[in-house]
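Bear in mind that the values in this text are calculations on the coordinates, not laboratory data. Here the structure is a predicted model, which is why all the values come from computation and not from measurement. Methodologically, a virtual Cβ is constructed for each residue, glycine included, from the backbone with ideal geometry; neighbour enumeration extends over all protein chains shown.
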Amino acid sequence: MTTVPSLIVDDRTSGDLNSNLGTRWEFIADTVMGGVSRGGLAAEVVDGHPCLHLTGQVSLANNGGFLQAGLDLRPAGLLDARGWSGIELVVRGNDETYNLHLRTVDTRIVWQSYRASFPAGRQWATVRLPFAGFQPYRIDRPLDLSVLRRLGLVAIGREMAVDLYLSCISFY
């Protein structure tokens, strides 16, 4: 694999929900499928860090179970990530474990993704998630890094309070 310089997906300098890639973060809750989880997404500054803040409460009631901050990786088209080793996050949270989900052209059904978990402690920390550690979920195809289309920061699968801050996300 040829390594290329890191690509900053979002360093939160926009001050709004726009990323460095020219795409916009969006909040998605399980209510799109009948669930009752509630939350929100905002651009904030915390401890001098411009950041994205995902908040809420995940509920398993009514077949629910997730809150997500999702981002398309290109305004139109796909991102070829074969030159990088993984994704780096600078995060802070409430001592919960969250997921990073990747979607490709192969993930056609909404619940399909490639997933990696990460901790979000109460202090800012840098977390590296190598692509080799992403696991396919409800899809039998391997992760094809040449056709990435979307990523999501996700609180999923259990009742939990959500309080996740992201100050930077990049491909390394």
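Largest GNM mean-square fluctuation across I109, I156, I28, computed for the chain with C-alpha springs under 10 Å, falls on I109. For segment 71-143, applying the loop criterion from DSSP together with a ceiling of 11 other beta carbons within 10 Å to the trypsin sites (Lys or Arg not before Pro) yields R108, R122, R138. The coefficient of translational diffusion for segment 50-115, derived via Stokes-Einstein from the alpha carbon Kirkwood radius under 37 °C and 0.692 mPa s, stands at 223 µm²/s. Treating each Cα of segment 7-171 as an identical point scatterer and ignoring solvent, apply the Debye formula and state log10 I(q)/I(0) at q = 0.15, 0.18, 0.19 Å⁻¹. Once normalised to I(0) and log-transformed, intensities are -0.78, -1.17, -1.31.
The loop-placed chymotrypsin sites (Phe, Trp or Tyr not before Pro) in segment 1-100, going by DSSP, include none that has at most 12 neighbouring Cβ atoms within 10 Å of its Cβ. Taking 19 Å as the cut-off, the amide N atoms of segment 72-90 that come nearer than this to a point 7 Å along the Cα-to-beta-carbon line of R149 belong to 72-82.
Each residue of segment 130-144 was assigned a 3J(HN,Hα) from its phi angle through the Karplus curve 6.51 cos²θ - 1.76 cosθ + 1.60 (θ = phi - 60°); the sequence is x, 4, 4, x, 6, 9, x, 10, 6, 8, 9, 9, x, 5, 9 Hz, with glycine and proline shown as x. Put in line by how crowded their Cβ is, counting other Cβ atoms within 10 Å and starting with the fewest, E88, E26, E96 read E26, E96, E88. Taking the Kirkwood radius as Rh and the Cα radius of gyration as Rg, segment 1-70 has a ratio of Rg/Rh equal to 1.11.
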